[in-house]
1. Hey, with R₀ at 51 Å, roughly what FRET efficiency would Leu95 and Glu211 work out to, going by the Cβ-Cβ distance, to 0.05?
2. Strictly greater than 21 Å: what percent of every Cα pair in segment 174-284 meets that?
3. Expressed in nm to one decimal, what extension gain is obtained for the pair Glu284 and Asn107 from 0.36 nm per residue of sequence separation less their Cα-Cα distance?
4. If we restrict to alpha carbons, what Rg and Dmax does segment 265-334 come to, in Å?
5. In debye, nearest 20, what is the charge dipole magnitude of segment 165-214 about its Cα centre with +1 on Lys and Arg Cβ and -1 on Asp and Glu Cβ, if you could check?
6. Could you do me a favour and compute the accessible area per residue for segment 267-350, 1.4 Å probe, result in Å²?
7. Per-residue accessible area for Asp194 at 1.4 Å probe radius, Å² rounded to 10?
8. What is the pair-distance distribution P(r) of segment 262-415, computed from all Cα-Cα distances in 5 Å bins starting at 0, with each bin given as a whole percent?
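The values are calculated or read from the model by the stated rules, or taken from the named source; none is laboratory data. Since the model is a prediction, treat every value here as computed from it, not as a measurement. Backbone-built Cβ (ideal geometry, glycine too); neighbour counts: all protein chains shown. Heads up: the accessible areas ignore ligands, DNA and RNA and are worked out on the full protein's heavy atoms, side chains in. Shrake-Rupley method; radii C 1.70, N 1.55, O 1.52, S 1.80 Å.
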Amino acid sequence: MRMILVFIVYLLVFGFVQWNWWKQFSQWLNSKSSKQQTLLKSLLGAILIIANTAVVFRLFWIRAGGYDTTFAQSVIYFSGVFTAMNLTALLLLILQRVFVFIGHIFNKIRGLLVKFSSQNKRQPQTKTLAENRFDPERRRFLLFGGKTLAAASFGVPVIGALSTSRDYRVNRVPLYFANLPVGLEGLTIAQISDIHSGAFMTEHQIREIFEIVNSLHPNVIAMTGDFIDTSNGEIPAIHKTAGMLRSDYGIYGCLGNHDHFASINKVSAALRQKNVRMLNNAHESLMINDELVSIIGVDDAGRGFADYADLKTAMENIHPDSFKILLSHRPAFFPQAQQAGIDLTLSGHTHGGQVIGEHLGLEVNPIRYFHRYLEGLYIENEKQLYVNVGVGVAGIPIRLIPREITLLTLKRMIG
């Protein structure tokens with residue numbers, strides 16, 4: 001049912017976008033010969049048919065989880081970029097319509113002012129019928145706008161798919177606590193989030209990420225959910241690679257919402273086999289330099305029936321004086337963590353917006369209206385939250401927000 005709804009939305013929204021592409025393309029073809037027009041129209045039509053077919057196949061492959069062949073992955077990657085092109089074109093079309101509307105209002109106001117001025121001077125100024133019918137400047141502007149729209153629709157997604165595909169940024173973040181036990185001074189935690197193993201995150205790429213994590217020589221590794229993207233077929237890549245992770249005091253993980261698209265039992269079992277301690281509404285306590293640390297994990301804290309988090313169960317029999325670290329995929333869980341007296345919460349989920357954020361010194365990120373905690377460090381009521389923007393992608397293989405691996409260092413607050 002979900003796949004059918006997605007397909008209907010695709011037909012309605014993307015069909016409108018592609019109709020606009022075709023219209024702009026047809027206008028451009030007016031300068032070509034009839035033979036060239038027929039050839040180029042046939043070529044564009046074939047491309048659109050192939051691309052839309054690839055999107056349909058992608059839906060079935062994702063559902064079945066059987067895209068471990070090079071051909072299937074190529075089709076899925078191509079369909080993802082094509083989907084991004086449609087989304088980019090839709091956004092640009094909306095912006096175009098907004099600017100045209102604003103320009104229309106501006107011209108109306110200007111016309112009224114000119115008319116009012118002309119009446120005062122008793123010298124009415126009117127355009128001839130020919131002038132009203134043909135405005136070469138307006139035609140050139142619309143033609144330029146159409147070409148720009150088409151170029152941006154195709155260029156931005158391709159550049160976005162290639163520019164940050166291997167751009168892994170290591171953020172070294174010191175965290176200061178007034179109540180940090182002396183023995184935990186300098187403890188390092190490497191956090192990875194939102195791997196999204198699948199067609200857009202291959203086994204080879206995961207190995208690259210884990211090699212970077214190992215090079216940091218962390219004391220603890222925290223993995224905050226979304227190990228896979230959509231299906232059980234994506235588990236093997238994470239299963240084959242997780243065993244290469246190394247830390248002094250263990251590797252800990254919690255589940256994310258995408259892990260529930262598959263079998264969470266299979267996801268958890270595959271990781272546990274590679275010594276990742278999956279904390280599904282549970283905790284583990286360990287001694288580090290004679291200091292007690294409790295690492296707690298909750299299942300995905302979605303909404304309604306999709307809320308699987310149970311912090312009460314996770315904290316049963318926990319030592320009240322231990323330093324408490326919570327792994328929660330969704331940062332929106334931070335207020336509950338504060339009430340439970342948890343010192344540090346580690347989360348992911350947001351991707352920092354994935355494709356929108358701060359660019360060229362300007363931050364335009366409407367995702368902030370949906371996520372109170374979007375990225376980075378937050379401190380409330382002397383409790384701290386760090387939101388890792390992740391290393392993977394969801395939906396489309398495009399990411400303009402750099403992929404993040406975080407090395408957190410615990411420090412005692414002096415004074």
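1. 0.80
2. Looking at segment 174-284, the distances longer than 21 Å represent 35 percent of pairs.
3. Taking Glu284 through Asn107 to full extension adds about 57.0 nm, to one decimal.
4. In order Rg, Dmax, the Cα atoms of segment 265-334 give 13.1, 42 Å.
5. 100 debye
6. Using a 1.4 Å probe on heavy atoms only, each residue of segment 267-350 averages 44 Å².
7. Here the residue's solvent-accessible area equals roughly 0 Å².
8. Each 5 Å bin holds this share of Cα pairs: 2, 8, 15, 19, 20, 17, 10, 6, 3, 0, 0.
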